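Beneath this line is the structure, given in structure tokens, with notes to follow.
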Amino acid sequence: MHNKNNGNVLGLKMFRKMSLRIFILSMLSLFMVSCNEDAKVEEEISKIEVDFVVERFDKAYAKAEPSDLPKLKQAYPFLFSKHVPDSVWIDRIEDTLQNLLLVEVGKVYPDFKGEKKEFEALFQHLKYYDKTFSVPRLVTLTNDVDYRNKTIVTDSLLLVALDNFLGEDHEFYQNIPRYLAKNMQRNQIVPEAAEAYAKKYTFQSNRKTLLDEMIYYGKLLYFKDVMIPFKTDAEKIGYTEQELKWAEANESPIWSYFIEKELLFSTDSKLPSRFIADAPYSKFYLELDNESPGRLGQYIGWQIVRAYAEITDENVLSILEKEPEEIFNKAKFKPKK
């Protein structure tokens, strides 16, 4: 009798081991299939032809004399407002501060080769997922360090203000809060442009609750997953690697906090500034606040949209048009433990 029980226990253990092995192998094979499919898609995308030149308006303006103004206006009419008299543009050409700005941009960006390769990849991805996409004129310029408008996107133009990407410690940024200045560097040029495109494609009728805001920004970040997969997650969200690790390690307590405090469906107008907007840290009103990165609501929203995409396997552009409650309900999001 005793031996029989031992045999049963041994059999059960072997069965469990076998089941676990089968489960692991099936998960690995699914993972391999998914990786192979992703690799095939990326290979297809890399063959898409995109033809464009980077137009360095900043360099042309740096070299310009007042007599060159008519030529510049003809080449770049969209940069010269008809309501501004020529005398103002001539003053800018001769302005010492403007010239200093252009000199600094020229030092950091003597060429734009690395960025051009990344823009080429972004445009290839956009063409693959949106058959109507046409490659824009890409123009680099300066905008008096207007860091709220680093890149501007229209149907036919992509403007990149390079004076906003000179490196976080640049002397021009000394009066800008550190949490903003840390993303004023060259590895953020393409993620900024991708976000500008994401906003063009994203539709959402509601942005009233914290969850609405979380999903909205989650969509923008998921768009970057698809369109700029060559960038790291930290670069996509504008975190340092340490900040990203902190967010990943604390996913579960952050989520528990949102649930326990019943914040997801709250319309409290203070919540976006606590968890969504650019800030030095997120505001849980706990001791850990100072350790946390800002915008953790965006980070969690990103994980929810990723979970939804994985479950539904829907096209990225279709996901961007889904309402937040549908994404939330179908995602069945569970934070990392």
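The values are calculated or read from the model by the stated rules, or taken from the named source; none is laboratory data. Being a predicted model, the structure only gives us computed values, none of them experimental. Note: ideal-geometry Cβ built from the backbone for every residue, glycine included; neighbour counts use all protein chains shown.
Among the polar types (S, T, N, Q), outside any helix (DSSP H, G or I) and modelled with pLDDT of 95 or more: is that true of residue 273 in this structure?
No.
Residue-by-condition table, conditions (1) assigned to a loop (DSSP other than H, G, I, E, B); (2) surrounded by fewer than 18 Cβ atoms within 10 Å (Cβ to Cβ); (3) among the hydroxyl-bearing types (Ser, Thr, Tyr):
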position: 218; (1), (2), (3): no, no, no
position: 242; (1), (2), (3): no, yes, no
position: 245; (1), (2), (3): no, yes, no
position: 252; (1), (2), (3): no, yes, yes
position: 256; (1), (2), (3): no, yes, yes
position: 262; (1), (2), (3): yes, yes, no
position: 282; (1), (2), (3): yes, no, yes
position: 293; (1), (2), (3): yes, no, no
position: 299; (1), (2), (3): no, no, yes
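Suppose the filter is in contact with a Phe, Trp or Tyr (Cβ under 9 Å, 6 or more places away or on another chain), surrounded by 17 or more Cβ atoms within 10 Å (Cβ to Cβ) and closer than 29 Å to residue 275 by Cα; does residue 121 pass it?
no
Are any of the residues in segment 204-227 under 17 Å from the mean Cα position of the chain (by Cα) and over 22 Å from residue 333 (Cα atoms)?
The answer is yes; a qualifying residue exists.
Those residues that are within 15 Å of residue 298 (Cβ to Cβ), out of contact with any Lys or Arg (no Cβ under 7 Å at 6 or more places or on another chain) and aromatic (Phe, Trp, Tyr), I need them from segment 189-223; list them, please.
Those that are within 15 Å of residue 298 (Cβ to Cβ), out of contact with any Lys or Arg (no Cβ under 7 Å at 6 or more places or on another chain) and aromatic (Phe, Trp, Tyr): 217, 223.
Where the second residue is outside any strand (DSSP E or B) and among the polar types (S, T, N, Q) and the first is on the phi > 0 side of the Ramachandran plot and lies in segment 145-169, which pairs have Cβ atoms under 7 Å and are six or more apart or on separate chains?
Every condition considered, the pairs that remain are 145/164; 167/185.
Identify the residue in segment 61-88 that is of a type in the set (A, V, I, L, M) and either more than 19 Å from residue 157 (Cα to Cα) or touching a His at 6+ places or on another chain (Cβ under 8 Å) (or both) and, among all such residues, is surrounded by the most Cβ atoms within 10 Å (Cβ to Cβ). If you could, list the steps in order and put the result at the bottom.
So the first thing to find is which residues in segment 61-88 are of a type in the set (A, V, I, L, M), and the list is 62, 64, 69, 72, 75, 79, 84, 88.
Cutting the leftovers down to either more than 19 Å from residue 157 (Cα to Cα) or touching a His at 6+ places or on another chain (Cβ under 8 Å) (or both) gives us 62, 64, 69, 84, 88.
Values: 62: 17, 64: 19, 69: 16, 84: 10, 88: 10.
So the residue we want is 64.
With the checklist (1) closer than 22 Å to residue 326 by Cα; (2) free of Cβ contacts under 8 Å to residues at least 24 places away in the same chain; (3) not small (Gly, Ala, Ser) in hand, flag the one item residue 272 doesn't pass.
(2)
I need the full set of residues from segment 149-184 which are surrounded by fewer than 17 Cβ atoms within 10 Å (Cβ to Cβ) and part of a loop (DSSP other than H, G, I, E, B), in order please.
149, 154, 155, 156, 167, 168, 169, 174, 175, 176, 177
Does residue 116 satisfy the condition of being modelled with pLDDT of 95 or more, surrounded by fewer than 18 Cβ atoms within 10 Å (Cβ to Cβ) and either in contact with an Asp or Glu (Cβ under 6 Å, 6 or more places away or on another chain) or outside the structural domain of residue 229 (by TED's automatic domain parsing) (or both)?
When the stated conditions are applied, residue 116 passes them.
Only one residue in 135, 54, 108 is farther than 19 Å from residue 196 by Cβ and of a type in the set (Val, Ile, Thr), so which one is that? Break it down stepwise before answering.
Details: 135 fails: farther than 19 Å from residue 196 by Cβ; 54 fails: farther than 19 Å from residue 196 by Cβ.
Unique residue meeting the criteria: 108.
All but one of (1) outside any helix (DSSP H, G or I); (2) under 13 Å from the mean Cα position of the chain (by Cα) hold for residue 199; state the number of the condition that does not hold.
Residue 199 satisfies all of (1) outside any helix (DSSP H, G or I); (2) under 13 Å from the mean Cα position of the chain (by Cα) except (1).
Collect the residues in segment 185-196 that are of a type outside the set (A, V, I, L, M, F, W, C) and assigned to a helix (DSSP H, G or I), keeping them in residue-number order.
Residues satisfying the conditions are 186, 187, 188, 191, 192, 195.
Given the residues 190, 145, 160, 139, which is the only one that is within 15 Å of the chain's Cα centre (by Cα) and of a type outside the set (Asp, Glu)?
190
Checking the structure you have, find out if any residue of segment 108-120 is of a type in the set (D, E, K, R) and either more than 29 Å from residue 49 (Cα to Cα) or over 22 Å from the mean Cα position of the chain (by Cα) (or both).
Within segment 108-120, the subset of a type in the set (D, E, K, R) is 111, 113, 115-118, 120.
Still in the running and either more than 29 Å from residue 49 (Cα to Cα) or over 22 Å from the mean Cα position of the chain (by Cα) (or both): 111.
Checking segment 108-120: at least one residue is of a type in the set (D, E, K, R) and either more than 29 Å from residue 49 (Cα to Cα) or over 22 Å from the mean Cα position of the chain (by Cα) (or both).
So, in segment 231-245, of the ones that are in contact (Cβ under 8 Å) with a residue 24 or more places away in the chain and in contact with a Leu (Cβ under 9 Å, 6 or more places away or on another chain), which residue ends up nearest to residue 179 (Cα to Cα)?
The extreme case among them is 237.
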